[in-house]
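K.L.:
Encoded as structure tokens, here's the structure I'll be asking about.
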Amino acid sequence: MQTIDTVRKQRVKPSFATRRVSLDDICLLDTVATDLAPGDLLFARVDKPGHHKSIERPDGRKALLLPGDEILVAAGARYAPDQFEAFAPTTVGPAHLVAAGGIAGIVVAAHSATRTPTEITIVGAVCRRSGQRIRLADYALTDAPIAETPDVPVIAVCGTAMNAGKTTTVASLVRGFALDGQKVAAIKATGTGAGGDLWSFHDAGAHIVRDFTDAGFATTYRVPVAQILESARRLIADAVAAGADVILLEIADGLHQRETAELMRCADLRELVTGVVFAASDAMGAEAGADWLDRAGHRVMALSGKMTASTLAVREAELATGLPVLTAEALCTPETACLLALTEERMPLSTAA
């Protein structure tokens, strides 16, 4: 074990994913660890900045990464078709910064347009004075009682793939409910630890903002779906306890991603949610996704996403699905937001004859 002195602790650059960790608990480094697990807290040295040239700090500020910097990160996998696929590291030594929010992993696949990943060296696993390893799960929310079915509306938002417009859809709905004077909670149930989406929910007017890192996960890729569902229940319970009038639940990535598919097929999740707003980049994806969700037993209430930038795509999607396609501007209105949350009736189409 190596002692972490006060000066070194002050110099390390903490990441967003580690924001719940108390720096006072950090005392020792296991510099020979060969059994690292997802969620373990790590000290890492920046060797060669690449795709991620900065790290997101707990307060959201992007701190420039320079060779030799030490950063406080968490071990984790990543699933991001537009960037990297990465597995969680199992030992100290060479690795990659696979997300600016502070995730250390080993890149195994990358998008052709993505720069080479930032190279880091995992110096050691962070431990308490007792020698016990520190994990994000040590700081997870645990207080709120979990109910089988929340007594407030829960609207799930999922999509065709990464960057289909899910987060914009959630933020727009947040705005609509907030303008109506409601306390809205925005929760990311799955994904990779980072703050960008959460800050956008805050900016839109969310009363409560949470994600899976608040439940103790660095990422949810390769996490058993039963654990993800338990995490979602806990985050929803926390939002209800904080006084939320309505909850928006974002499910990351697309319906072909393993954890997303398993979660959306899960009967227990269907019991949690009032309905689904589906984000897509084009009409074909919207039709396929709406059909997939319908077969999985979900009530698809509306479509949104990047396709709403095209009047023709909106028309195609409405004609193909019979569902309303709502722009971000429409979702920002209190009337639309409340209708999605409170009615069992079909919303009117915006363009179909």
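The values are calculated or read from the model by the stated rules, or taken from the named source; none is laboratory data. Small disclaimer: the values here were computed from a predicted structure and weren't measured. Cβ: placed from backbone, ideal geometry, glycine included. Neighbour counts: every protein chain shown. Quick note on the areas: whole protein, heavy atoms, side chains included, nothing else; ligands and nucleic acids left out. Shrake-Rupley method; radii C 1.70, N 1.55, O 1.52, S 1.80 Å.
K.L.:
Quick one: which of ALA164, ALA125 is in a loop (DSSP other than H, G, I, E, B), touching a strand residue (DSSP E or B) at 6+ places or on another chain (Cβ under 7 Å) and of a type in the set (A, V, I, L, M, F, W, C)?
P.N.:
ALA164
K.L.:
Within the stretch 293-309, work out how many residues are free of Cβ contacts under 8 Å to residues at least 12 places away in the same chain and under 18 Å from ASN163 (Cα atoms).
P.N.:
Counting residues in the stretch 293-309 that are free of Cβ contacts under 8 Å to residues at least 12 places away in the same chain and under 18 Å from ASN163 (Cα atoms) gives 1.
K.L.:
Right, next: Could you go through the stretch 230-237 and let me know if any residue there is surrounded by fewer than 21 Cβ atoms within 10 Å (Cβ to Cβ), without any contact (Cβ under 8 Å) to a residue 60 or more places away in the chain, assigned to a helix (DSSP H, G or I) and among the polar types (S, T, N, Q).
P.N.:
No, the stretch 230-237 contains no residue that is surrounded by fewer than 21 Cβ atoms within 10 Å (Cβ to Cβ), without any contact (Cβ under 8 Å) to a residue 60 or more places away in the chain, assigned to a helix (DSSP H, G or I) and among the polar types (S, T, N, Q).
K.L.:
Could you list, in sequence order, the residues of the stretch 47-61 that are in a strand (DSSP E or B), under 21 Å from the mean Cα position of the chain (by Cα) and more than 11 Å from PRO14 (Cα to Cα)?
P.N.:
SER54
K.L.:
With respect to ASP197, is the statement that it is without any contact (Cβ under 8 Å) to a residue 60 or more places away in the chain and in a helix (DSSP H, G or I) true?
P.N.:
In short, yes.
K.L.:
Please find, within the stretch 177-208, the residue that is most open to solvent (accessible area, probe 1.4 Å) out of those that are within 12 Å of the chain's Cα centre (by Cα) and of a type in the set (Ser, Thr, Tyr).
P.N.:
Per the stated criteria, the residue is THR192.
K.L.:
Condition check: within 20 Å of THR34 (Cβ to Cβ) and outside any helix (DSSP H, G or I). Does GLY101 satisfy that?
P.N.:
No.
K.L.:
Pull up the stretch 120-135, narrow it to residues that are open to solvent by less than 10 Å² (accessible area, probe 1.4 Å) and not β-branched (Val, Ile, Thr), then point me to the one that is nearest to ALA218 (Cα to Cα).
P.N.:
Ranking the qualifying residues of the stretch 120-135, first place goes to ALA125.
K.L.:
To continue, here is another question. Kindly evaluate ARG45 against the criterion of being closer than 30 Å to ASN163 by Cα and modelled with pLDDT of 95 or more.
P.N.:
It is false that ARG45 is closer than 30 Å to ASN163 by Cα and modelled with pLDDT of 95 or more.
K.L.:
Would you point out which residue out of ALA37, ALA17, ALA33, ALA44 is surrounded by 13 or more Cβ atoms within 10 Å (Cβ to Cβ), in contact (Cβ under 8 Å) with a residue 60 or more places away in the chain and assigned to a helix (DSSP H, G or I)?
P.N.:
ALA17
K.L.:
Exactly one condition in (1) in contact with an Asp or Glu (Cβ under 9 Å, 6 or more places away or on another chain); (2) under 30 Å from ILE251 (Cβ atoms); (3) surrounded by fewer than 21 Cβ atoms within 10 Å (Cβ to Cβ); (4) not basic (Lys, Arg) is false for ASP59; which is it?
P.N.:
Evaluating ASP59 over (1) in contact with an Asp or Glu (Cβ under 9 Å, 6 or more places away or on another chain); (2) under 30 Å from ILE251 (Cβ atoms); (3) surrounded by fewer than 21 Cβ atoms within 10 Å (Cβ to Cβ); (4) not basic (Lys, Arg) leaves (1) as the failure.
K.L.:
Right, here's the next one. Looking at the stretch 83-101, is at least one residue under 23 Å from TRP199 (Cβ atoms), open to solvent by 30 Å² or more (accessible area, probe 1.4 Å) and not hydroxyl-bearing (Ser, Thr, Tyr)?
P.N.:
yes
K.L.:
A further question follows. Could you give me the residue pairs with C-beta distances under 7 Å whose first residue belongs to the stretch 120-142 and is more than 19 Å from ASP238 (Cβ to Cβ), whose second residue is modelled with pLDDT of 95 or more and open to solvent by 70 Å² or more (accessible area, probe 1.4 Å) wherever it lies, and which are 6+ apart or on separate chains?
P.N.:
ILE120/ARG45; THR121/ARG45; THR121/PRO94; VAL123/ARG45
K.L.:
Also, quick follow-up: Within the stretch 136-154, does at least one residue satisfy the condition of being open to solvent by 40 Å² or more (accessible area, probe 1.4 Å) and modelled with pLDDT of 95 or more? Talk me through it step by step, then tell me what you get.
P.N.:
Within the stretch 136-154, the first condition is being open to solvent by 40 Å² or more (accessible area, probe 1.4 Å), and the residues that meet it are 137-138, 142-143, 145-149, 151.
Those still in the list that are modelled with pLDDT of 95 or more too: 137-138.
Within the stretch 136-154, one or more residues are open to solvent by 40 Å² or more (accessible area, probe 1.4 Å) and modelled with pLDDT of 95 or more.
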